[in-house]
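What follows is one structure encoded as structure tokens, with my remarks underneath.
The values are calculated or read from the model by the stated rules, or taken from the named source; none is laboratory data. As the structure is a prediction and not an experimental result, all values here were calculated from the model. Cβ: placed from backbone, ideal geometry, glycine included. Neighbour counts: every protein chain shown. All accessible areas refer to the heavy atoms of the entire protein, side chains included, with ligands and DNA or RNA removed. Shrake-Rupley method; radii C 1.70, N 1.55, O 1.52, S 1.80 Å.
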Amino acid sequence: MIKLSGLSKKYNDNFVVKDASALFPKGVLTSIIGPNGAGKSTLLSMASRLTNSDAGEVVIADKPLNQWDNAALAKRLAVLRQSNNINMRFTVRELVAFGRFPHSQGRLSARDNEIIDKAMEHLDIQHIADRYLDQLSGGQRQMAFIAMVVAQDTDYIFLDEPLNNLDIKHSVEIMGAIQHLAHDHGKAVVVVIHDINFAASYSDRIIAMKRGQVIKSGDTVEVIDEAVLSDIYEIPFTIREVEGQRICMYYR
Amino acid sequence: MRNSTKLILLCVATLAIIALFLGKGLDAHNYRFFLSRRIPKVLAILLAATAISWSSLVFQTVTNNRILTPSILGFDSLYVMIQVLLVVLAGGLSPLVIQPMLNFSVTTAIMAGLSLSLFAWYFYGKQRDLFSLLLIGIICSSLFSSVTGFFTMVIDPSEFMAIQASMFASFNNVNGALVYWTIAPMLLCLALLLKLAPKLDVLWLGPDNATSLGINVRKLTLQIMALVTVLISVATALVGPVLFFGLIVVSLTRQLFSSYQHRLLLPASSALAAFLLLTGQWIVENLMAFETTISVIINFVGGSYFLLLLARNKVN
């Protein structure tokens, strides 16, 4: 379980995140939604120790974040940011193998190789294992990065806009794989996501943010609600159930 | 061709050129004299080659760019400036200036302090982009050169002449007195860098991913910068500043060896650097009869290459 309480971050007196609290339990896929500039990515960065917070506390597995040793924490918590520009040519397999670094410090054991293979299988990218990243499409590259996070085999996984610029097929595959990690492997998975219908269809819990504050958090059905979403996004929402699934209509 | 084969070929070629350098015109009567002159020189070039190539390679990794090297950011000129300031402040006959080892240690210590704070300012303030960094580097570098130039003019001429030879080393005037003294600190730095090599590999993925994989990026960067400073001091003390050599060597190494592993890239870069420097120096001595210096050639070729890189905007 990860617990955020009263987290704040400000740049030049402007609060990007203000007094945000949240819980990320294991076995649950949590989505963070909200308009641009709501502080979603900043919240995720603070929860995953990529950014320092100005106030508040992050508690990971009953231990405050600042008491964790970074190397030890890397065996428990993995985070992937949205843009990953890499200066070096890697094959997919080499990239995924980096996920084992916290466990093996660069010397891969037979068990590490097994886990790497499983991670690639999990995202169905074994057939491109020996291709270079710069030869791949954006979707395939993103799958490779997520496979790296999977290979890291941590209890907590944070993904910042994993669906950014991806087509529908890759998006569906990635969300399926992520959901599988939460439900079948008991991991706490947290994603920042823009597509509200992907959030509604796959997540168990949703945290809705606006102007740096958590407006609403709870089970998906509580947050995917016409009044709540219309307030957050400041446009009218209509919600319909299609085959037991809530779908948001906001186009005109 | 496999990477290991390439590395072996490169080492053989380097050994051949070393043999050529040491062995020219030796016979049973003159070998003592010639070898006592040539061994320190070859050793100095080998040490400098390794220091320059390793420091440039790891510097590029921690700063996540492929175009800046410590020399381009003014580390070499900083070394020379500290030398001149020592003469000005302590006097030309002070042990700080005359004793090679003391001079080297003091200069390196001052340089470590200055470059680490400079570096902290470069990178910790806020995220700076590569071009502003390049600009700051060039400004610092010319500031250091101007300070050096200024004091060189102001200083008492006879005092300056007396210490000039030992202060400003070059490939035609290798600082032989220091060679054996620098071996131990060099080996220590190289061993530490090899130990940090797997962590450096992870840095290719960028600071955020490296943090996620358990690397303390800030600490690693500081460790690397401290080691880079010592290596640059060694190289500058032995053969003087060589602005663009690091850039050429690291670039060529990356093109020859398509690997991301520092444990391969580091030795490969020093073999390549040694080969290039020794070959160049041999050509200068034997074909051009000392009429030019290899630094001039390096800066000409390297400068053109640097411009090409900027023009193609392959900075990232």
(1) closer than 30 Å to B:Gly25 by Cβ; (2) modelled with pLDDT of 90 or more: which one isn't true of B:Glu291, the others all being true?
(2)
Subset of the stretch B:14-66 (residues that are touching a Lys or Arg at 6+ places or on another chain (Cβ under 8 Å) and either assigned to a loop (DSSP other than H, G, I, E, B) or within 14 Å of chain A (Cβ to nearest Cβ) (or both))
B:Gln60, B:Arg66
Yes or no: A:His194 part of a loop (DSSP other than H, G, I, E, B), of a type outside the set (Phe, Trp, Tyr) and in contact (Cβ under 8 Å) with a residue 24 or more places away in the chain?
yes
Name the residue that is surrounded by the fewest Cβ atoms within 10 Å (Cβ to Cβ), counting only residues in the stretch A:43-75 that are facing another protein chain (nearest Cβ under 10 Å) and not aliphatic (A, V, I, L, M).
A:Asp69
Test result for B:Val242, more than 9 Å from chain A (Cβ to nearest Cβ) and open to solvent by 10 Å² or more (accessible area, probe 1.4 Å):
no
Sole residue being hydrophobic (A, V, I, L, M, F, W, C), part of a helix (DSSP H, G or I) and in contact with a Cys (Cβ under 8 Å, 6 or more places away or on another chain), chosen from B:Leu278, B:Leu247, B:Leu227, B:Leu220:
B:Leu227
In the stretch A:7-25, how many residues are open to solvent by less than 40 Å² (accessible area, probe 1.4 Å) and within 11 Å of A:Val214 (Cβ to Cβ)?
4
B:Asp201 passes all but one of (1) in contact (Cβ under 8 Å) with a residue 40 or more places away in the chain; (2) touching a Pro at 6+ places or on another chain (Cβ under 6 Å); which number fails?
(2)
Matching residues in the stretch A:81-93 - criterion: being more than 7 Å from every other protein chain (Cβ to nearest Cβ) and surrounded by 19 or more Cβ atoms within 10 Å (Cβ to Cβ):
A:Val92, A:Arg93
Looking only at helices (runs of 4 or more DSSP H) that fall completely inside the stretch A:99-165, which ones have 1 or more residues that are within 14 Å of chain B (Cβ to nearest Cβ), in contact with an Asp or Glu (Cβ under 9 Å, 6 or more places away or on another chain) and farther than 22 Å from A:Arg89 by Cα?
A:101-104
May I ask you to say which residue of B:Val249, B:Val202, B:Val234 is at negative phi and either modelled with pLDDT under 90 or open to solvent by 20 Å² or more (accessible area, probe 1.4 Å) (or both)?
B:Val234
Which of the residues that make up the stretch B:169-194 are outside any helix (DSSP H, G or I) and open to solvent by 20 Å² or more (accessible area, probe 1.4 Å)?
B:Ser170, B:Asn172, B:Asn173, B:Val174, B:Asn175
Restrict the check to the stretch B:7-23 and report whether at least one residue is over 23 Å from B:Gln281 (Cα atoms) and open to solvent by less than 40 Å² (accessible area, probe 1.4 Å).
no
Could you check how many residues of the stretch B:107-122 are open to solvent by less than 40 Å² (accessible area, probe 1.4 Å) and at pLDDT 80 or above?
4
Does A:Ala208 meet the test of being part of a helix (DSSP H, G or I), among the aliphatic types (A, V, I, L, M) and either over 13 Å from the mean Cα position of the chain (by Cα) or assigned by TED's automatic domain parsing to the domain that holds A:Tyr11 (or both)?
no
Residue hits (the stretch B:253-264; more than 16 Å from the chain's Cα centre (by Cα) and assigned to a helix (DSSP H, G or I)) are B:Arg254, B:Gln255, B:Leu256, B:His262, B:Arg263, B:Leu264
With respect to B:Ala197, is the statement that it is within 14 Å of chain A (Cβ to nearest Cβ), out of contact with any Asp or Glu (no Cβ under 6 Å at 6 or more places or on another chain) and either in a helix (DSSP H, G or I) or open to solvent by less than 20 Å² (accessible area, probe 1.4 Å) (or both) true?
yes
Of these, A:Ile146, A:Ile168, which one is modelled with pLDDT of 90 or more, more than 24 Å from A:Gly56 (Cβ to Cβ), more than 17 Å from the chain's Cα centre (by Cα) and among the aliphatic types (A, V, I, L, M)?
A:Ile168
Residue match in the stretch B:28-51 (condition: on the phi > 0 side of the Ramachandran plot, among the small types (Gly, Ala, Ser) and surrounded by fewer than 21 Cβ atoms within 10 Å (Cβ to Cβ))
no
Would a scan of the stretch A:60-71 turn up a residue that is in the same structural domain as A:Met175 (by TED's automatic domain parsing), in contact with a helix residue (DSSP H, G or I) (Cβ under 8 Å, 6 or more places away or on another chain), more than 23 Å from A:Ile193 (Cβ to Cβ) and small (Gly, Ala, Ser)?
yes
